[in-house]
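S.K.: One structure coming up, written as structure tokens, with questions to follow.
None of the figures in this text is laboratory data; all of them are computed from the coordinates on show. Since the model is a prediction, treat every value here as computed from it, not as a measurement. Here the Cβ is made from the backbone with ideal geometry for all residues, glycine too, and neighbour counts use every protein chain on show.
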């Protein structure tokens, strides 16, 4: 292969880079195109008179499988009546309400303290990919302090629940309930659990196939280690910058156009990789860190949207932000090290790939970028309609 | 025919074999990847079945030891054996686990893992040049065997197809890293080779203990 | 390293699976602890390493490769319930014999050294095999057990590296004397 290699020590010009990326490229689609992290959502708001307004938004199975199920419970926006009953949930807990027979909600349910008395029966609304239940409780005896909120069935459904409690005196408590920690007890001085933000950051980057693919694309056009360091640092600095700016509320990027431009940034790298392999040059190939910085700014807004799904603890935004960011960097550095390790391994093992296999990563980055670009463009356009 | 690669003729038989396997591996991965992507939507925040598969392997010390043993053996055999194992083992593992998941072939007997570890560890500790014809056979048989047990376990757990691909991908990564490391290590002064052999004897010892544990 | 970090990250991000490791960690600790909990075992293991270092090149490589296997074989016999007479005495004698070898700086042919060490390894392994806890996780216990034994061995070899200096030789022989004395004590306890 005469064109692709100029300097034998060059990292990703070494054929191994392409080989590896070929495989990674194949594996990426496996993780699905799902990017957003969608926990169920429990929102409890204490009113001035002590009533609790509760909303419970639970994804439906349709959302979980991403397919059009034969019969959706109800058309989007339609409501269906719910009656009180002595029925039981799938896990055996006494059910607050009879679940509508047609309901396809994930088999999880919230758990409230036993002394909570229901004031008004729930309204159930079928949304596109979830059900929204809203109801209210009578003012609980003794207030909210010491009350325990939980969720049941998380281990079976392997999902998380984001609990958001707003007290009448303005305290906000946000906590991600996981299969391991599936309840939250409110105390007078609520210590906000921040470890979840680190975890969320790592999860966000590991599931963010588009971000990883962009990093992979960058790795494929850096000629040496020094440039690799510069490029990765530039990307990190840029996305940390916009992540902070967006989370602290100084700037905002509308989600759908943002996703389109992120896809565009990946699409953009595809031709550059091909050009790099042919031994041609361009601004991007000479200064990959510039591109990494510029597009990193965009990706930072994307991370910010991921952070927003979790909500932020009042008063501790900087710390949560930092932890989330650190999580993202851990995931990213892990990915870069993995790629480098594999590239080195392939070189030591003298793996030789055939031409199409070597061309694959460039095409994978380019065509997936193009696919996402079109897909997200359609989503954006249908939103306008 | 993968005869001509990079404009040059590949003369060695083993290289040709390795190439054929690597090409087969790539094609299969693409095909399976294509099929699986349609059904592999993330259930929810559990990071999804792919990572569940990764984790399943990482948290199974016996399977990790098996992968490590195979990688050490391949690495001791040099880059060529390393290449063969790199593609054969994950593919055979995947095939085995798919077979195992169907539940038609039941190879699970208590001492199976222990015996597999014992044999692979002994081969590492023994450190003799293997006949070329055995080089694709050992990882293929070993991978099929481990995969079969893995597949049976996967059915018991809730790993699905993409989970199995996660397992196979992890096997691929681990073998690549460890076999390359071993190749590099075995090319150093002789005592580093001994380190690898000692590791092999540890794996064999663990396998023997496991066998006894299962049979008692 | 990359993969390690990657794996660590993944493991860290999935508390859903965390309950798996509860008793597994217990198995690992138990396995690690068992070989180092008895002084008779420890002395003999270290002595093997010391002797290997004294014996020099081929032995210092061969013994660590062969020893864990033979020991595991002994444990296997113990697990299968195959009886071995006089295990406690055998272990004590191993301390005396190995200590004496180190003390005398004996250099028998390799096959003899390997056979001697192998024979004693079976006794030690058997003792471990019969004393295994019932409910621990087999895999992790085995990993811990073999690792701990190997590390004791490595300690012996590392200490044995002082063999290259004249003073070190004397120290090694003194250490051999200590091991042999310990062996005598254990023999006394086993017989009496």
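S.K.: Hey, what did the range C:40-191 get for relative contact order, percent, Cα under 8 Å, at least 6 apart?
M.R.: 46
S.K.: On to the next question. Dividing the convex hull volume of the Cα atoms of the range A:227-383 by its residue count, what figure in Å³ per residue is obtained?
M.R.: In the range A:227-383, the Cα hull volume divided by residue count equals 128 Å³.
S.K.: To the nearest whole number, what is the average tally of beta carbon atoms from other chains within 10 Å of the beta carbons of peptide B:49-58?
M.R.: 5
S.K.: List, largest first, the extents of the alpha carbons of the range C:75-154 along their principal axes, each in whole Å.
M.R.: 44, 29, 20
S.K.: Follow-up. For the range A:205-277, go through all pairs of different Cα atoms, get the mean of 1/r, take its inverse, and jot down that Kirkwood value in Å.
M.R.: Working: mean 1/r = 0.0738 Å⁻¹.
For the range A:205-277, the Kirkwood estimate is 13.5 Å.
S.K.: Over the Cα atoms of the range A:346-385, what is the Rg over Rh ratio if Rh follows Kirkwood?
M.R.: Values: Rg = 17.0 Å, Rh = 12.5 Å.
Rounded to two decimals, Rg/Rh equals 1.36.
S.K.: Going by how many other Cβ atoms sit within 10 Å of their own, how do B:135, A:230, C:57, C:107 line up, fewest first?
M.R.: Fewest-to-most ranking of B:135, A:230, C:57, C:107: C:57, C:107, A:230, B:135.
S.K.: Give or take rounding to whole Å, what are the principal axis extents of the alpha carbon atoms in the range A:105-145, in descending order?
M.R.: Largest first, the range A:105-145 extends 38, 19, 14 Å along its Cα principal axes.
S.K.: Sticking with this structure for a sec: With the Cα gyration tensor of the range B:101-216 in hand, give its eigenvalues times 5 under a square root as the equivalent ellipsoid semi-axes, listed largest first in whole angstrom.
M.R.: Rounded to whole Å, the semi-axes are 28, 18, 13.
S.K.: Which whole number gives the average count of other chain Cβ atoms within 10 Å of the Cβ atoms across peptide C:143-149?
M.R.: 4
S.K.: For residue C:104 and residue A:355, what is the calculated FRET efficiency with R₀ set at 60 Å and r taken between the beta-carbons, to the nearest 0.05?
M.R.: Computed FRET efficiency for residue C:104 and residue A:355: 0.35.
S.K.: In square nanometres, what is one fourth of the surface area of the convex hull spanned by the alpha carbons of the range C:133-190?
M.R.: About 5.5 nm², averaged over all directions.
S.K.: May I ask you to sort C:141, A:250, B:51 by Cβ crowding, counting other Cβ atoms within 10 Å and putting the fewest first?
M.R.: Working: C:141 25, A:250 9, B:51 22.
In order of increasing Cβ crowding within 10 Å: A:250, B:51, C:141.
S.K.: Counting pairwise Cα distances across the range A:227-313, what percent come out greater than 23 angstrom?
M.R.: Cα-Cα pairs in the range A:227-313 separated by more than 23 Å: 29 percent.
S.K.: Continuing with this model, one more query. Take the Cα pairs of the range C:40-191, get the Kirkwood Rh, then feed it into Stokes-Einstein at 4 °C and 1.567 mPa s and tell me D in µm²/s.
M.R.: It comes out at roughly 84 µm²/s.
S.K.: Taking just the alpha-carbon atoms of the range C:31-112, what radius of gyration and Dmax come out, in angstrom?
M.R.: That works out to 13.5, 37 Å for Rg and Dmax.
S.K.: Let me see the P(r) profile for the range B:70-169: every Cα-Cα distance counted, bins of 10 Å, each bin given as a percent of all pairs.
M.R.: Going from the shortest bin to the longest, the percentages are 17, 45, 30, 8, 0.
S.K.: If you don't mind, another one. Test of understanding: ordering A:384, C:111 by Cβ neighbours within 10 Å, fewest first, what list do you get?
M.R.: A:384, C:111
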